[in-house]
Structures are given as structure tokens and as C-alpha cells.
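Values quoted throughout were computed directly from the atomic coordinates according to the rules given, and no laboratory measurement underlies them. All values reported here derive from a predicted model rather than from experimental measurement. Backbone-built Cβ (ideal geometry, glycine too); neighbour counts: all protein chains shown.
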Amino acid sequence: MSPLSKWLTLSGRRIAAACVRQHASLTTELIENMDKKATWDRFYAESSSKTTSFKNFEWFFGFDAVQDFIMSLLQTKPHPDAVLQVLDMGCGTSALGPCIYKHSPLPVRVTCADISPIAVRLMQEDVLARAIQPQNLSSQLEFVELDCTQLHKHYSPHSVDLIVDKGTTDALLRSKEGKGKAGLVLKQCLKVLRSSGSLLQFSDEDPDARLLWLETEAQEQGVMAADVGVQEVGELRGVCYYCYQVTPRPRV
Ligand SMILES: C[S@@+](CC[C@H](N)C(=O)[O-])C[C@H]1O[C@@H](n2cnc3c(N)ncnc32)[C@H](O)[C@@H]1O
């Protein structure tokens, strides 16, 4: 069961007391709407109202499970003065972005972006309260409310070194009206990534389906604009997870 299904099921139980049939349709309704800001605002508002102290919510798994995939791509700078630009796309209230900021030996500017202003505010408050010390004193961490189908409003073309996406494209692809948005997000990523940059998608989707989708969506006028690869992250609670790496092809 996905984390959202679990939350939706728990949240739905209260409604179920009143009407079992309506509960089932509400849960389905919300699962089908994971591309909508309102769904996530409600999710983060309800999750935070249940505790007095903030706790990061991790989709699938946390930083420890994927840090080798991420940190191996932050070992070199495009030029000596560069600060590596990293985007956690659809960050939610995950600790992934703050962990990259904390552990990167090279200077990074980590932008944690989400469509939900509630998630963004919770993260800002938590980071202010915890005052995380980065390994590199030139590193920066910021949180922005941003619809990632419009990355071009925040980034110049070819300016980002690494984009991490843990569950965001999955949420869009699984929604009734989200598939087009998932394609737009991928195209925006390819626009803002440097030629030396990468997009990492962490997902439980089977490679047969995701690689085909990526290869189809990464085409520009019939020409492949990116190379696509996959590695296994591992198995957790009986589910196999993957890391899909998308790297822009040099433009001719
Ligand atoms: C499955 S959750 C993953 C959250 C987080 N990455 C994690 O690992 O816990 C998907 C996230 O994508 C965000 N999201 C959905 N559509 C978005 C969009 N168009 N732009 C930015 N964020 C979006 C949601 O608000 C939600 O926080």
C-alpha cells in the first residue's frame, strides 16, 4: 500500500463510520488526484495536525537508502567557482534536500520545491528551528512553492546540475489527469539541466513500463533528447524500487 493510500485509508476510516460506500469512493477519488495541489495541501495539513512536533514524511524511503546514487553525482564542479545547483522536485516534507545540503563536501545550492505551500512552510519552519550545519560552508538551502510543470519560471536553461524526484512523477503518472503533467515535467527538467547534469527518478514502477515512457517522452521532434538508464535501489517491505537516470544528450 502506498503511503498516500495508507493515509487516505486512515483518514477515510472516520468517514467510513458514517458511510462505508462513500469512503471507498473518496479514497479512490483522492488517489486519482495526486496531481492536484488541493490533495497535497490536505495531506500535509492533516499529517501535521496529528503531532505537536514536526516529523519528516518520506515517500518510499529516506536519504540513507539513496545517498550513494545522489552523492556520486555531486563529486565534480562544471567550473572551479561553481556552486552545484540541486533541485528536490516535489520535495513534500522529505528530509532528502536538507540531507544533501548537510552532507555534500562540494558547495551546493539545494532548492526544495513543491506545489503545496503547506509542505513548503512546514519545511521552512523545521529548518529554521534545527539550524542544520552544512559540510561546505558555501552551501545554501531554500524552499520554494513551485509548480514543476513550470520550472522555466525559476531556472534559466541549462543551469541545474542535479534534479531528484522521489515519488513525484509516480504521483502524476498514477493520477487520472496527471499523465500529461508528468510529460511536461520531464521536458522542463531536460530544458533546465546542464548538459553534464542528471535527473534521478526514484520509483517503484517496473523498468518495462518506465523506460518505455521515458524514452517516448524524452523525444523532441522524433529525436532522442536524453539517455535513460536504470539501477535497482533494492527491496523494501516486498516492493522493488528503482533509480531511473535521465541525462540530456548534447545538442548538435
Ligand atoms: C509522492 S509525494 C513525494 C514527496 C517527497 N518527494 C517524498 O519523497 O516524500 C509527491 C509530491 O509532489 C508534489 N507535487 C505534485 N504535483 C506537483 C507539481 N506539479 N509541482 C511540484 N510539486 C508537485 C506533491 O505536493 C507531493 O509533495
Reported set for the range 49-80 where residues are more than 13 Å from the ligand (Cβ to nearest atom) and over 24 Å from Leu162 (Cβ atoms) is Ser49, Lys50, Thr51, Thr52, Ser53, Phe54
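Could you look through the range 168-207, keep only residues that are acidic (Asp, Glu) and not in a helix (DSSP H, G or I), and pick out the one that is farthest from the ligand (Cβ to nearest atom)? Even if it seems obvious, please write down each step before you answer.
Filtering the range 168-207 for residues acidic (Asp, Glu) gives 170, 177, 204-206.
Filter once more, so that each one left must be not in a helix (DSSP H, G or I): 177, 204-206.
Details: Glu177: 11, Asp204: 11, Glu205: 13, Asp206: 18 Å.
Only one residue tops the list, namely Asp206.
Restricting to the range 81-104, count the residues that are in a strand (DSSP E or B) and either touching a His at 6+ places or on another chain (Cβ under 7 Å) or closer than 19 Å to Ala182 by Cβ (or both).
Step one: of the range 81-104, the residues in a strand (DSSP E or B) are 84-89.
Now restrict to residues that are either touching a His at 6+ places or on another chain (Cβ under 7 Å) or closer than 19 Å to Ala182 by Cβ (or both): 87-89.
Result for the range 81-104: 3.
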Which count do you get for residues in the range 183-208 that are surrounded by 21 or more Cβ atoms within 10 Å (Cβ to Cβ) and without any contact (Cβ under 8 Å) to a residue 24 or more places away in the chain? 0
All but one of (1) over 19 Å from Val86 (Cβ atoms); (2) not in a loop (DSSP other than H, G, I, E, B) hold for Gln245, so report the exception by its number. (1)
Which condition number in (1) closer than 23 Å to Pro107 by Cα; (2) away from the ligand (no atom under 15 Å from the Cβ) is the one that Asp165 fails? (2)
